[in-house]
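Bear in mind that the values in this text are calculations on the coordinates, not laboratory data. Please read these numbers as outputs of a predicted model, since none were measured by experiment. As a convention, Cβ positions derive from the backbone with ideal geometry for all residues, glycine included, and neighbour counts pool all protein chains shown.
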Ligand SMILES: [Zn+2]
């Protein structure tokens with residue numbers, strides 16, 4: 001697949017990634033099963049980068065890479 005797409009995942013323990021939208025770290029929280037959106041971004045059919053979002057931030061950003069797959 002060569003189109004940008006997004007998936008929803010639970011945040012892994014020890015995660016150190018930063019949310020693209022709010023620029024805060026996406027922290028693992030065992031109690032709340034925090035969720036993140038991971039987007040594989042393609043430009044002109046070529047993979048460019050992975051972007052991470054808090055699930056709520058992804059919605060707030062207007063779902064830039066479409067409805068995230070579970
Ligand atoms: Zn965020």
Requested in this report: Scan (1) under 12 Å from residue 6 (Cα atoms); (2) within 14 Å of the ligand (Cβ to nearest atom) for the single condition residue 65 breaks and write down its number.
Outcome: (2)
Query - Meets criteria (part of a strand (DSSP E or B), surrounded by fewer than 16 Cβ atoms within 10 Å (Cβ to Cβ), within 12 Å of the chain's Cα centre (by Cα) and in contact (Cβ under 8 Å) with a residue 12 or more places away in the chain) for residue 50 - result: yes
Query raised in the report: Looking at 51, 60, which one is within 15 Å of the ligand (Cβ to nearest atom) and out of contact with any strand residue (DSSP E or B) (no Cβ under 7 Å at 6 or more places or on another chain)?
Result: 60
Query raised in the report: Checking residue 56 against (1) under 11 Å from the mean Cα position of the chain (by Cα); (2) assigned to a strand (DSSP E or B), which test does it fail?
Result: (2)
Query raised in the report: Say we look at segment 11-33 and pick out the residues that are surrounded by 15 or more Cβ atoms within 10 Å (Cβ to Cβ) and touching a strand residue (DSSP E or B) at 6+ places or on another chain (Cβ under 7 Å); which of these is farthest from residue 56 (Cα to Cα)?
Result: 17
Query raised in the report: Among the listed residues 42, 58, which satisfies the condition of being over 16 Å from residue 12 (Cβ atoms) and surrounded by 17 or more Cβ atoms within 10 Å (Cβ to Cβ)?
Result: 58
Query raised in the report: When residues of segment 13-46 are filtered for being part of a loop (DSSP other than H, G, I, E, B) and either in contact (Cβ under 8 Å) with a residue 60 or more places away in the chain or within 16 Å of the ligand (Cβ to nearest atom) (or both), how many remain?
Result: 15
